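J.: Below is the structure I would like to discuss, written out as structure tokens.
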Amino acid sequence: MEKNVGGLDRKVRLVLGPILVAVGVAAAAGYLDIGLAGTIGLAVTALVLVAGAIFVVTGTTQKCPANQVAGINTHDK
């Protein structure tokens, strides 16, 4: 797969990703209350954590499968 993440897209992923990971970890550890209880709260916490991790990985590698499927390439811009 060719690089398809660059410029502002990459910067946003590399800033937002670690923030989402930190929020997910804090919520999972009980330091942050996201306002949802039970299974729904756990699912939202997991979703935030996974989304943050995906942003970090795609920003670091500059390769995003979703961008490829959608035909988006911000690497060349």
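J.: Which whole-number value in Å³ per residue fits the convex hull of the alpha carbons of the range 30-77? Before the final figure, lay out the partial values.
T.: Values: hull volume 5.3 nm³, N = 48.
Dividing the Cα hull volume of the range 30-77 by its residues yields 111 Å³.
J.: Whole number in Å², please: accessible area per residue of the chain, 1.4 Å probe, ligands, DNA and RNA not counted. Display every interim value, and only then the final one.
T.: Working: 5120 Å² over 77 residues.
Accessible surface, normalised per residue, equals 66 Å².
J.: Next question. Per DSSP helix of 4 or more residues, -39500 (n - 2.57); summed, then divided by the residues of the chain. What does that give at 222 nm, rounded to the nearest 500?
T.: Details: 3 runs with 53 residues, N = 77.
-23000 deg cm²/dmol, from helical runs alone.
J.: What do you get for the angle between helix 7-29 and the principal long axis of the chain? Use alpha-carbon atoms, 0 to 90 degrees, nearest ten.
T.: Long axis of 7-29 versus the principal axis of the chain: about 20 degrees.
J.: Scaled to the compact-protein estimate 2.2 N^0.38 Å, what is the alpha-carbon radius of gyration of the range 1-63, rounded to two decimal places? Walk me through the numbers before you get to the answer.
T.: On the way: Rg = 13.4 Å, N = 63, 2.2 N^0.38 = 10.6 Å.
That works out to 1.26 for the range 1-63.
J.: Which angle from 0 to 90°, rounded to the nearest 10, does the C-alpha axis of helix 38-61 make with the longest principal axis of the chain?
T.: 30
J.: Please give, to one decimal in nm, the separation of the simple spin-label points placed at Val44 and Ala70, each 7 Å out from Cα toward the Cβ.
T.: 2.4
The values are calculated or read from the model by the stated rules, or taken from the named source; none is laboratory data. Computed from a prediction, not measured in an experiment: that's the story for all the values here. Counting neighbours? That spans all protein chains shown, and the Cβs are built from the backbone with ideal geometry, glycine included. Heavy atoms of the whole protein, side chains included, go into the accessibility calculation; ligands, DNA and RNA do not. Shrake-Rupley method; radii C 1.70, N 1.55, O 1.52, S 1.80 Å.
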